[in-house]
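Working notes, beginning with the structure itself.
Just so it is clear, none of the values below were taken in a lab; they were calculated from the coordinates. Worth saying up front: this structure is predicted, and the values here are computed from it rather than measured. A quick note on method: Cβ atoms are made from the backbone with ideal geometry, for glycine too, and the neighbour counts reach across all protein chains shown.
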Amino acid sequence: VRKQSQITAFFSSP
Amino acid sequence: ILELRLVQATLFKNVLEAISDLFSKANFDFSGTGLELQAMDTSHVALVALLLRAEAFNHYLCDRDLSMGLNLADMAKAFRCANNDDIITIKAEEDWSDTVTFTFESPEDGEISIFDFDFVGTNGVPLEIPEFPESEYQAKVRMPSAKFMRICKKLSSFGDSGDRDTVVIISVDKECVNFFTRGKTGTSTIVCRQTQTVDKPKEPTLIEMKEQVSLAFDLRYMNSFSKGSTLSDQVTISLSSNLPAVFEYKIAETGYIRYYMLPRIEE
């Protein structure tokens, strides 16, 4: 199974 | 005051077509530099960032930074009514703190359509997006945007269309990029070789590889990203196992649209 991470795991609010 | 004019609606129509099926709301940031747009899909898997520098507009006046959330589905509907050669004016005034006005004017018959859009809350955008150094990507592939779109369509027609989770594996190895997907009763691979630029100087496929890389992506998202092809003849795909992949379309000399998505990781 390949898991999809959310992009928010990488970019954050300024 | 914000007052912008574009003498051809095409650019904005194409922007909306490139984002409105995947992203329902976007944050529009207007500043002296230009328009910066960001949107995330409802699952927070993909992020799109668009820059249109002030020079992209025929008239650009923005004396105070202005940030607004707008509903893209409503905007796309309005823009579908606009002709490609309509003149667009975008206006917001300080005392109308929650509305922006888009006006389409037909240069032929003088008909004017006016749409007021209320601001909406956005889905957690804007986010801080750092520029990663080129060296952090294991491979970069540049190809004609129409070719990338065709590849996505081919893979979709092979993969079971009812399956929303079809995965594409993009592998880069020396002078080849492979797109691989598994259907119900078999697999499909599309191999793209680096092309000699002498033959077709306008449509090169270029591969820069630091190390071999093989990453899995959701085909449904890639298909949506490929709609950026109306904005640029070329797409650049930057791949890294540690960073979000970037699917970038440069918009003439005046900006870009970039789609970001993390690869799927084996568990």
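Per-structure values
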quantity: Dipole of chain B [Lys/Arg +1, Asp/Glu -1 at C-beta], most positive-end residue of B:P244, B:C81, B:S156; calculated: B:S156
quantity: Cβ charges +1 (Lys, Arg) and -1 (Asp, Glu), total dipole of the range B:38-162, debye; calculated: 1100 debye
quantity: Ellipticity estimate at 222 nm from DSSP helix runs (n ≥ 4, -39,500 (n - 2.57)) divided over chain B, nearest 500; calculated: -4500 deg cm²/dmol
quantity: Within the protein assembly as shown: Cβ-based charge dipole about Cα centre, in debye rounded to nearest 20 (Lys, Arg +1; Asp, Glu -1); calculated: 1640 debye
quantity: Restricting the range B:171-267 to trypsin sites (Lys or Arg not before Pro) in coil, as DSSP defines it, with at most 15 other Cβ within 10 Å; calculated: B:K174, B:K184, B:K202, B:K210
quantity: Average partner coverage of B:120-129, which counts Cβ from other chains inside 10 Å; calculated: 3
quantity: Per-residue average of Cβ from other chains inside 10 Å of B:238-248; calculated: 1
quantity: Selected from B:Y60, A:S13, B:A216, residue furthest toward positive end of dipole (the protein assembly as shown; charges at beta carbon); calculated: B:A216
quantity: Backbone N within the range B:46-82 under 19 Å of label point (7 Å from B:S113 Cα along the Cβ vector); calculated: B:71-82
